[in-house]
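The values are calculated or read from the model by the stated rules, or taken from the named source; none is laboratory data. All values derive from a computational prediction rather than experimental measurement. Here the Cβ is made from the backbone with ideal geometry for all residues, glycine too, and neighbour counts use every protein chain on show.
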Amino acid sequence: MIGIHVFFSFIKKGAHETMSSDESNKMLINKNQIMPIYIIEREVPGVEKLKGRDRQAAAQKSVRALRDIGPEIQWVHSYVSNDKTHCVYVSDNEDLIIDHAKRSGFPANKITKIEYLLNPVDAEG
């Protein structure tokens, strides 16, 4: 069976970094220090209906709050569903996520620290 290689790409202070799936449980982002991964569940009524400029404005509001806090917290991406978002962040700690929620105005209804990432590559042994 041909091996599957999964790569995680992200931005590190203007430089593009790539990680193999073997390194996926570690995000070397802030000054080459390992930062934990978090999933933040946000209850945002009607979020799935945002279009164009409204969607962009919401993302910009979040990014501004992140810039104000500093590189110790970074937004990777979000999954949007009915009245909720599930956002993937890397952060030095949970307090920074709470600070971001306060600054951005987006709730952090549930914060879950990820212990490890499991994917199809792990099935190959």
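Residues that are closer than 21 Å to Ser78 by Cβ, part of a loop (DSSP other than H, G, I, E, B) and at pLDDT 60 or above within region 13-55 comprise Pro36, Val44, Pro45, Gly46, Leu50, Lys51, listed in sequence order. With respect to the conditions (1) at pLDDT below 95; (2) at negative phi, Asn82 falls short on a single one, namely (1). Can you name every residue in region 71-99 that is outside any strand (DSSP E or B) and either within 16 Å of Pro36 (Cα to Cα) or of a type in the set (D, E, K, R) (or both)? Across region 71-99, the qualifying residues are Pro71, Glu72, Asp83, Asp92, Asn93, Glu94, Asp95, Leu96, Ile97, Ile98, Asp99. Applying the condition of being surrounded by 15 or more Cβ atoms within 10 Å (Cβ to Cβ) and β-branched (Val, Ile, Thr) to region 46-74 and asking which residue is nearest to Lys113 (Cα to Cα) yields Ile73. In region 100-109, of all residues being out of contact with any Leu (no Cβ under 9 Å at 6 or more places or on another chain) and outside any loop (DSSP other than H, G, I, E, B), the one that is surrounded by the most Cβ atoms within 10 Å (Cβ to Cβ) corresponds to Ala101.
Restricting attention to region 94-125, report how many residues are of a type in the set (Phe, Trp, Tyr) and closer than 22 Å to Val47 by Cβ.
The qualifying residues number 1.
Do we find that His77 is out of contact with any Ser or Thr (no Cβ under 6 Å at 6 or more places or on another chain), closer than 30 Å to Gly125 by Cβ, loosely packed, with under 11 Cβ neighbours inside 10 Å and modelled with pLDDT of 95 or more in this structure? When the stated conditions are applied, His77 passes them.
In the condition set (1) of a type in the set (Val, Ile, Thr); (2) part of a helix (DSSP H, G or I); (3) surrounded by fewer than 13 Cβ atoms within 10 Å (Cβ to Cβ), Thr112 is compliant with all but (2). Tallying residues that are charged (D, E, K, R) and either touching a strand residue (DSSP E or B) at 6+ places or on another chain (Cβ under 9 Å) or in contact (Cβ under 8 Å) with a residue 40 or more places away in the chain (or both) within region 65-100 yields 6.
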